[in-house]
1. With a cut-off of 8 Å between alpha carbons and a minimum separation of six or more residues, what is the relative contact order of chain B in percent?
2. Take each complete run of DSSP H in chain B, measure how far its Cα atoms stretch along the helix's own axis, and keep only those covering 15 Å or more with mean Kyte-Doolittle hydropathy at least 0.0; list them.
3. Mind checking Rg over Rh on chain A, alpha carbons, Kirkwood formula for Rh?
4. I need the calculated FRET efficiency for the pair A:M130 and A:L248, taking r as the beta carbon distance and R₀ as 25 Å, to the nearest 0.05.
5. Determine, at each q value in 0.17, 0.27 (inverse angstroms), the log₁₀ of I(q)/I(0) that the Debye formula gives when each Cα of region B:272-334 is one equal point scatterer.
6. Regarding region B:215-334, what whole-number volume in Å³ per residue does the convex hull of its Cα atoms give?
7. Estimate the FRET efficiency between A:F312 and A:V217 by the formula 1/(1 + (r/R0)^6), using the beta-carbon distance for r and 45 Å for R0, to the nearest 0.05.
8. Using the reciprocal of the averaged 1/r over all distinct C-alpha pairs, how large is the Kirkwood radius of region B:56-102 in Å?
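Throughout, read-outs are computed from the coordinates displayed, never taken from laboratory work. Note that this is a predicted model, so its numbers are computed, not measured. Note: ideal-geometry Cβ built from the backbone for every residue, glycine included; neighbour counts use all protein chains shown.
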Amino acid sequence: MTKGSRGYYTAVLGVMILLLLFGAYFSLTQGSMDMTVKEVITTLLRLDVQPDRDLVIFEFRLPRIVIAVLVGAGLGIAGAVLQGITRNGLADPGILGINAGAGAAMVIFLFFYQGEIKGTGWGAIMAMPMFGLIGGLLSAALIFVFAWKRGSLEPERLLLSGIAVASGLGALTIYFTLKMDAKDFEMAAVWTAGSIYNANWKYIVSMLPWLLILIPVIYSKSRLLDLLGLKDESTRSLGVAADKQRTLLLLCSVGIVSACVSVSGGIGFIGLMSPHIASRLVGRRHSRLLPACGLIGGLLVMISDYIGRTLFSPVELPAGMVVAILGGPYFIYLMYRNRRQA
Amino acid sequence: MRFKIPVHLLILWSAPVMVVLIMLLSILYGAKNISLNTLSEAVFHFDPTEVNHQIIMQSRIPRAAGALLIGAFLAISGALMQGMTRNYLASPSLMGISDGSVFAVTLGMIILPGSSSLELIGYSLIGSALSMVIVFGLASLMPGGLSPVRLAILGTVIGTFLSSASAAAAAYFQISQNISFWYNARLHQMDPALIKLAMPFAVVGIVLALSISKSVTIMSLGEDIATSLGQRTFWVKCAAIASVVLLTGIAVAIAGKIGFVGLIIPHIARFLTGTDYKWIIPCAGVLGGCFLALCDILSRLLNYPLEMPVGVVTGIIGVPFFLYLIRTKGGRRI
């Protein structure tokens, strides 16, 4: 089987799905209450119903795994899109400041509405991704306004503006979290660290529509993403309205990132790592790259959450922190390798 | 002929006046406003039983002095880094140096519990040296690594990595609370004894910075030019790094992580005084001290009667300036 062939691609995806299932199995069975495979399966298949196992599996572990996989998949795909449209391998929703924008909007939302809409009510939970989206879009717009100069988007300036906007929004977030009362503050602190600690099914329902609508849109444009990787002149001569398509794709990825961030907080590096790993496995064609990115992102977040949950048990580390510890060295390795090739 | 005073002399001459004025403001305003009479009484006839006198001597004066000193340290480090790397974004907090210092303090607290303040200052110095070596070492290994973008990204990533690692270690050994005390800006809990302990290091750092200022001016023209002018660039770099490590390490040890002072003040100093680091460095020191002390006063008034972390105030002022720099300079070097 050669590397580019269809069989190879299917095999890679198959292995990843297997790994995902394997990871899910570990996450389900291990934790502060260990269970055997048999117990898990009998509970899932409703053969042997016991309330305490039901509680642990259906209320604690399963939603957590599902959220981890969904968030990871969303961030991974968004990262691939951002790298495609900026033609910069270092682009990542976290570094570009989109996470920080969605995060600041979420904290402001918690600050103003927590008293009125009950935090666990349906209205609030469904509204959260909307607020995240507004924040993400605003920060993306801000970054683009600053990076746009003389009719062109310079990737370097884009990254720097992202860092600047992220640090400014970080200060804003601190300002609002400190004005909150103690209970909200606790929640905001856990949340900004990038944690899927308080996962439940409602969060999944609130983020799922975004992923279900936007990911197919992005996937249908995978051919276009290939073309956008070319020089602007070549893209235009092929009859592609490059700037328009870029904006559309950017909006889609901001939507996905915001929905993810509104549920899990700022988990960085996933959007950076998964496209790079994916392109080494399945090549650079986006029709193959995007699904692989989604699977790898989901796998990474699930593993990070599992490590954060069990390594220092009973103390839990936010998944975002584990990702940063794993992702930092990888990022530096990437920077080093890219420069040598260039 | 009109008599013109050069701006740098104006700044340096007026420094004592500015410092005294800001000290006064900083002492008089806060959660409890204090009158001038009480202040003079406290200074000249100190009465330990009087609450106001205690506030002035134990809290307000150390705080004002601390803010002035920390601001000066950070601004001088920033000026040195920017001159040496010819990178307009080089600055202590953006390069992850403060995070390195927190990382070392965390490890120190875990491995050797019960360390004295002096030892913790030592860890902080080691940590800032370590992260500076990592960031600049990696940057110079990569071709073009010292360009603003690469250095900023490297600094951000290494900073995130180190702070996550120290948070994880702190969580594991359950000392998060002690560490968060180190990590957050804490001008409001200035310990006079700590300032006294740190002074010798800081004096060495500042003297070092001033003594190499001329060489930094030449370095800022470019390394090739500096070498061809007979400059021993290696030793100048070493001295500059030593000075930055001392000043930043001390600043973090005393006051925690405070961003943007080291980034924006050197630019303002350069704008006002020109390109000669002999003047930029001392002027940056004066301006940085005044800037941070003013931010500190603002932080007390913005959310009165509660206080705002000073990092938020410097961020509010610093981020627009940061964006402006990126906008005008883009990915180029100085």
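1. On the way: 507 pairs, mean separation 101.4, N = 334.
Once normalised by length, the contact order is 30 percent.
2. Details: long enough: B:7-28 (30 Å, 2.51); B:61-85 (36 Å, 1.34); B:97-111 (21 Å, 1.71); B:117-141 (35 Å, 1.72); B:148-172 (35 Å, 1.29); B:192-211 (28 Å, 2.02); B:233-255 (32 Å, 2.03); B:261-273 (17 Å, 1.50); B:277-301 (36 Å, 1.32); B:310-329 (28 Å, 1.48).
Going by DSSP H runs, the hits are B:7-28, B:61-85, B:97-111, B:117-141, B:148-172, B:192-211, B:233-255, B:261-273, B:277-301, B:310-329.
3. Numbers: Rg = 20.2 Å, Rh = 20.7 Å.
Ratio value, two decimals: 0.98.
4. Details: r = 20 Å, r/R0 = 0.78.
For R0 = 25 Å, the calculated efficiency reads 0.80.
5. -0.77, -1.07
6. Given the Cα convex hull of region B:215-334, per-residue volume reads 112 Å³.
7. That gives a FRET efficiency of 0.65.
8. Details: mean 1/r = 0.0834 Å⁻¹.
That comes to 12.0 Å for region B:56-102.
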